[in-house]
1. When only Cα pairs under 8 Å and 6 or more residues apart are kept, what is the percent relative contact order across the stretch 1-152?
2. More than 20 Å apart: what percent of Cα pairs in the chain qualify?
3. In whole angstrom, how far apart do the alpha carbon centroids of the stretch 18-32 and the stretch 76-115 sit?
4. Evaluate E = 1/(1 + (r/R0)^6) for residue 128 and residue 29, where r is the Cβ-Cβ distance and R0 equals 30 Å; express this FRET efficiency to the nearest 0.05.
5. Can you tally the net charge around residue 72? Count Lys and Arg as +1, Asp and Glu as -1, for every other residue whose Cβ sits under 13 Å from the Cβ of residue 72.
6. How many nm is it between the label spots at residue 159 and residue 68, if each spot is 7 Å from the Cα in line with the beta carbon?
7. If we count every other residue with Cβ under 10 angstrom of residue 58's Cβ, Lys/Arg +1 and Asp/Glu -1, where does the sum land?
8. What is the angle, in °, between the Cα long axis of helix 92-103 and the longest principal axis of the Cα atoms in the chain? Nearest 10 is fine, range 0 to 90.
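Readers should treat all values here as calculations from the given coordinates under stated rules, not as data from a laboratory. Keep in mind that what you see is a predicted model, and the values were worked out from it rather than measured. Ideal geometry is used to build each Cβ from the backbone, glycine not excepted, and the neighbour counts take in all protein chains shown.
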Amino acid sequence: MPVIEVRREVPEDAPRVHAVQRAAFGRSDEADLVDALRRSTEPQLSLVAVCQNQLVGHVFFSPVHIADCPTAPGVAGLAPLGVEPDFQGRGAGGALVREGLRVCPALGWRAVFLLGDPGYYTRFGFELAALRGFHYESGLFDRGFQVRELDPGALAGCSGWVRYADAFDAL
Ligand SMILES: CC(C)(COP(=O)(O)OP(=O)(O)OC[C@H]1O[C@@H](n2cnc3c(N)ncnc32)[C@H](O)[C@@H]1OP(=O)(O)O)[C@@H](O)C(=O)NCCC(=O)NCCS
């Protein structure tokens, strides 16, 4: 099977990243979100998956904020994650998530939140955030809202509502 390389996004990747996210989600919202996050968030981590010189996947990490928790460490939100439909199921998504989780601590992030299918994300060590007292917008999201500490105990003593960057309001 061809090798999948994961690397930091460079400016020339932006049009292809947009196309991949649009194809993955079947709409432009997540691709437009990436453009807005690039402009508005700091720090940020944008990774691409490349196979045989073709950009086939992309993931973005941006800062999130735990309301009412003054002791909260720096934490990130993983979103969006998208892989070109023809290329799904070949490990690109997993490679993007694993590399992102490896690099996040260097950006000051000690935990990562996401909204997604636990059937996919538990393999990367994510667990339901509601079990630890974290929620996103309303209890309706509890079934998909997940968290992974990057160092054990990073979120000890902390719970509450998790607020994403303003750009997510457009989704
Ligand atoms: C979800 C997504 C990023 C996974 O990327 P990928 O490159 O296809 O995933 P990988 O090749 O690393 O992993 C494939 C495995 O994940 C499983 N998987 C993929 N999506 C899944 C889901 N929603 N729920 C449970 N398992 C899922 C596959 O069945 C496969 O399982 P296997 O390893 O047991 O065969 C990709 O399918 C995608 O872009 N989907 C559309 C956009 C989307 O839903 N993004 C995530 C939003 S949170």
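1. Values: 264 pairs, mean separation 29.9, N = 152.
This gives 20 percent for the stretch 1-152.
2. Beyond 20 Å sits 50 percent of the P(r) for the chain.
3. If you average the Cα positions of each part, the centres end up 16 Å apart.
4. Numbers: r = 25 Å, r/R0 = 0.83.
For residue 128 and residue 29, the calculated efficiency is 0.75.
5. Values: positive: 110, 132, 163; negative: 68, 149.
Result for the neighbourhood of residue 72: +1.
6. Going by the 7 Å Cα→Cβ label model, 1.1 nm.
7. Working: positive: 16; negative: 9, 13, 30, 84.
Local charge sum for residue 58: -3.
8. Here the helix axis deviates by roughly 50 degrees.
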